[in-house]
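Here's the structure, in structure tokens; my notes come after.
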Amino acid sequence: QVQLVESGGGLVQPGGSLRLSCVASGSNFQVFTMAWYRQTPGQQREYVGFIGTGGTTSYKESVKGRFTISRDNAKNTVWLQMNNLKPEDTAVYYCNAKVVQLEYWGQGTQVTVSS
């Protein structure tokens, strides 16, 4: 069993930055592909990006060049650095860990981009 705890959300003005963290409990963090998703009220959860076990990253087109995902396996932590935030980035952001048929979700952290 893996527990994921996100933090770092909050209110930020357009053009600002936030860094979300996701800390995983348990061992073998390095075998998990880690991803970030987001969800707004009434909408389906959408993929933001992922980082593979070897550090390969991929992002949703609308966040490319603004968001960066990184991980530190020694700290069981993955980060989502968000720069040049836009109002449309407002959502609850979720951390996801996946390996083979095992998948885990965090509880989410709210990000609000507003002036």
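The values are calculated or read from the model by the stated rules, or taken from the named source; none is laboratory data. Please read all numbers here as calculations on a predicted model, not as lab measurements. Cβ: placed from backbone, ideal geometry, glycine included. Neighbour counts: every protein chain shown. What goes into the accessible areas is simple: the full protein's heavy atoms, side chains included, and nothing from ligands, DNA or RNA. Shrake-Rupley method; radii C 1.70, N 1.55, O 1.52, S 1.80 Å.
Working from the alpha-carbon coordinates of region 20-60, get Rg over Rh, Rh being the Kirkwood radius. Provide the component values of the computation, followed by the final result.
Working: Rg = 12.1 Å, Rh = 11.7 Å.
Computed over Cα atoms, the ratio is 1.04.
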If amide hydrogens are placed 1.01 Å from N in the peptide plane, which non-local residues have theirs closer than 5 Å to the one on V48? W36, Y37, R38
Based on the mean of other beta carbon atoms within 10 Å per residue, what is the order of 5-13, 33-41, most packed first? 33-41, 5-13
Pick out which of N73, N84, N28 has the largest mean-square fluctuation in a Gaussian network model of the chain, springs linking Cα atoms closer than 10 Å. N28
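Normalised by the empirical 2.2 N^0.38 Å for globular proteins, what value does the Cα Rg of region 5-115 take?
Values: Rg = 13.3 Å, N = 111, 2.2 N^0.38 = 13.2 Å.
In units of the globular-protein estimate, region 5-115 measures up at 1.01.
Share of region 15-115's accessible area from carbon and sulfur, percent, 1.4 Å?
After summing per-atom areas, the C and S share lands at 47 percent.
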Rolling a 1.4 Å sphere over the protein heavy atoms, what is the accessible area per residue of region 7-115, to the nearest Å²? 52
With the chain treated as a Gaussian network of Cα nodes joined by springs under 10 Å, which of S62, S17, S70 yields the largest mean-square fluctuation? S62
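Under a point-charge model restricted to the Cβ atoms of Lys and Arg (+1) and Asp and Glu (-1), what is the dipole moment magnitude of region 1-85 relative to its Cα centre, in debye to the nearest 20? Spell out each step's value before the answer.
Working: 8 positive and 4 negative charges, 20 e Å.
The dipole magnitude comes to about 100 debye.
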